[in-house]
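Participant: One structure coming up, written as structure tokens, with questions to follow.
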Amino acid sequence: MSHIAYVNGRYLPQKHAQIHIEDRGHQFADGVYEVICIWHGRPADYTAHIARLNRSLRELAIRPPVSNAALAFIVKEVVGRNRLDKGTVYIQINRGVAPRAHVFPGAAVKPSLIVTAKHGAGPADAVARAGVKVITLPDTRWKRCDIKSVGLLPNALAKQAAAEAKAYEALLLTPEGTVTEASVSNAWMVTPERTIVTHPATSSILAGVTRGRVLKIAREAGYVVEERPFTLAEALKAKEVFLTGTTTFVMPVVRIDEQPVANGVPGTVACELRQRYQDYIDSLTADVSGSAWDA
């Protein structure tokens, strides 16, 4: 069955989907996006994803092309038409189609809306059981990482460098050696005292929706959690390091560059948080009221 996409009012096979050549998302990366995990046909943290999408739109002064209720209908329709059980939904909103000029077009230009689906969510459990290697790279992204913009070339370059190094991810570093986040995920460490640390939600990082969920899970489990910057030097001395993200869940890191993290095996905190997050998304099947789609 062909994958079905929604593009500006039409549902059609992805291979037939088209965007205008002068869409500003194509020419200026003038747009924002969200990726939502679908688990047993239901979205994980849909409300938080749509809140972040709307915030990104406000920060870039892009009008929402449809209401929240209409967007939820479209996303559910894309999930249904693709028979998506476990996977992801991708939402992209661009400023719209206008003759190429750096200045924003007038209010008559309607933003573009694209929704697609992809089967398969999260890395294999075997990957998490083994843990992953990451490399370190300078953080060369723009200074508004809190906006989920489609301008992702620095992220793509970092992810490619990690792939070439046979690593899972790249930790991004400021000139002072602070870990901001990774190319497509948030970064965490566990101190020798078992305090969980992650970078605060500033303009230097994209505050992940999964990050927010894991913060809540960790605090409910009784862990001490600090949202503060930490350095690469601290991470190399940490008891554990792990990553979180929509398509990562909770992923233990066992090696940074060529140095093992602690004893070089997944830590108990990361493994527990991964299981608790798995329990959370498994619980989504119990929502028969439809509230999982509220925003």
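Any read-out appearing in this document is the output of simple, stated calculations on the displayed coordinates, not a laboratory observation. This structure is a prediction, so every number in the text was calculated from the model and none was measured. Positions of Cβ are generated from backbone atoms using ideal geometry, with glycine treated the same way; all protein chains shown enter the neighbour counts.
Participant: Report relative contact order for the chain in percent, whole number only (criteria: Cα-Cα under 8 Å, sequence separation at least 6).
Facilitator: 20
Participant: Which whole-Hz ³J(HN,Hα) couplings does the range 124-137 yield from phi under the Karplus relation 6.51 cos²θ - 1.76 cosθ + 1.60, θ = phi - 60°, glycine and proline marked x?
Facilitator: So the J values, rounded to whole Hz, are 4, 4, 4, 5, 5, 5, 7, x, 10, 9, 10, 10, 10, 9.
Participant: Still on this model: Grab the alpha carbons of the range 34-108, take their convex hull, and tell me the volume per residue in Å³.
Facilitator: Dividing the Cα hull volume of the range 34-108 by its residue count gives 104 Å³.
Participant: If you place +1 on the Cβ of every Lys and Arg and -1 on the Cβ of every Asp and Glu, how big does the dipole about the Cα centre of the range 4-119 come out, in debye to the nearest 20?
Facilitator: The calculated dipole for the range 4-119 is roughly 160 debye.
Participant: List the chymotrypsin sites (Phe, Trp or Tyr not before Pro) within the range 10-101 that DSSP assigns to loop and that have no more than 11 neighbouring Cβ atoms inside 10 Å.
Facilitator: Nothing satisfies the criteria.
Participant: Restrict the search to the range 96-184; then list the trypsin sites (Lys or Arg not before Pro) that DSSP places in a loop and that have at most 16 other Cβ atoms within 10 Å of their Cβ.
Facilitator: Arg100, Lys143, Arg144, Lys166
Participant: Quick one: order Glu193, Glu226 by neighbouring beta-carbon count within 10 Å, fewest to most.
Facilitator: In order of increasing Cβ crowding within 10 Å: Glu193, Glu226.
Participant: Lys166: which lysines have alpha carbons under 22 Å from its alpha carbon, excluding same-chain residues fewer than 8 sequence positions away?
Facilitator: Counting by Cα, and skipping residues close in sequence, Lys166 has these lysines nearby: Lys133.
Participant: Quick check: convex hull of the Cα atoms in the range 125-281, volume per residue, rounded to a whole Å³?
Facilitator: Taking only Cα atoms, the range 125-281 has a hull volume of 102 Å³ per residue.
Participant: Moving on. What list of ³J(HN,Hα) couplings, whole Hz, do you get for the range 173-184 from phi and the Karplus terms 6.51, -1.76, 1.60, once you set θ to phi - 60° and write x for glycine and proline?
Facilitator: Those phi angles translate into 10, 6, x, 7, x, 7, 7, 7, 6, 10, 5, 9 Hz.
Participant: Where is the GNM fluctuation largest for the chain (alpha-carbon springs, 10 angstrom cutoff): Pro99, Pro200, Pro252?
Facilitator: Pro99
Participant: Taking R0 as 25 Å, what FRET efficiency do you get between Arg276 and Leu152 from their Cβ-Cβ distance, rounded to the nearest 0.05?
Facilitator: E(calc), rounded to 0.05, equals 0.25.
Participant: Considering all projection directions equally, how large on average is the shadow of the alpha-carbon convex hull of the chain, in square nanometres?
Facilitator: Over every viewing direction, the Cα hull of the chain projects on average to 15.7 nm².
Participant: Could you check the spin-label model distance between Arg81 and Ala233? Points 7 Å from the Cα along Cα→Cβ, value in nm.
Facilitator: 5.5
Participant: Specify the residue with the greatest mean-square fluctuation among Ala165, Ala262, Ala124, computed from a Gaussian network of the chain linking alpha-carbon atoms under 10 Å apart.
Facilitator: Fluctuation is largest for Ala124.
Participant: Here is a further query. Taking the DSSP beta bridges in the range 125-281 as the whole, what percent of them are antiparallel, to the nearest 5?
Facilitator: Roughly 65 percent of the beta bridges in the range 125-281 run antiparallel, per DSSP.
Participant: Using the Kirkwood radius over C-alpha pairs as Rh, can you work out the diffusion coefficient of the range 1-125 via Stokes-Einstein at 25 °C, viscosity 0.890 mPa s, in µm² per second?
Facilitator: 163
Participant: Hey, another quick one. Using alpha carbon centroids, what distance separates the range 232-295 and the range 1-65, in Å?
Facilitator: 26
Participant: Here's a follow-up. Place a +1 charge on the Cβ of each Lys and Arg in the range 125-281 and a -1 charge on the Cβ of each Asp and Glu, then give the dipole magnitude about the Cα centre in debye, rounded to the nearest 20.
Facilitator: Roughly 260 debye for the range 125-281.
Participant: Further, regarding this structure: Using Cα springs under 10 Å in a Gaussian network model of the chain, which residue among Pro111, Pro260, Pro43 shows the largest mean-square fluctuation?
Facilitator: Fluctuation is largest for Pro260.
Participant: Using the scaling law 2.2 N^0.38 Å as the reference, what is the normalised Cα Rg of the range 201-295?
Facilitator: In units of the 2.2 N^0.38 Å rule of thumb, it is 1.22.
Participant: Give a quick list of chymotrypsin sites (Phe, Trp or Tyr not before Pro) in the range 96-200 that DSSP marks as loop, anything other than H, G, I, E or B, with at most 16 other Cβ atoms within 10 Å.
Facilitator: Counting only loop positions with at most 16 other Cβ atoms within 10 Å, the chymotrypsin sites (Phe, Trp or Tyr not before Pro) in the range 96-200 are Trp142.
Participant: By how many degrees, between 0 and 90 and to the nearest 10, does the Cα long axis of helix 68-81 differ from the longest principal axis of the chain?
Facilitator: Value to nearest ten degrees: 80.
Participant: How much of the DSSP beta bridge set in the chain is antiparallel, as a percent to the nearest 5?
Facilitator: Of those bridges, close to 80 percent are antiparallel.
Participant: A follow-up question, please. Hey, with R₀ at 41 Å, roughly what FRET efficiency would Val224 and Trp142 work out to, going by the Cβ-Cβ distance, to 0.05?
Facilitator: Using R0 = 41 Å, I get an efficiency of 0.80.
Participant: At 0.36 nm per residue, and after removing the present C-alpha to C-alpha distance, how many nm does the segment from His20 to Ala107 gain when stretched out fully?
Facilitator: In short, 29.5 nm is gained.
Participant: If you don't mind, another one. Between 0 and 90 degrees, rounded to the nearest ten: what's the tilt of helix 209-220 against the longest Cα principal axis of the chain?
Facilitator: 40
Participant: To continue, here is another question. Rounded to the nearest 10 degrees, what's the angle between the helix 46-59 long axis and the longest principal axis of the chain, both from Cα atoms, 0 to 90?
Facilitator: 70
Participant: At a Cα cut-off below 24 Å, give the lysines reachable from Lys148, other chains included and same-chain residues fewer than 8 away excluded.
Facilitator: Lys148 reaches Lys76, Lys86, Lys110, Lys118, Lys159, Lys216.
Participant: If you take the charge dipole of the range 4-119 about its Cα centre, with +1 on Lys and Arg Cβ and -1 on Asp and Glu Cβ, which of Trp39, Gln18, His49 is farthest toward its positive end?
Facilitator: Positive-most Cα among the choices belongs to Trp39.
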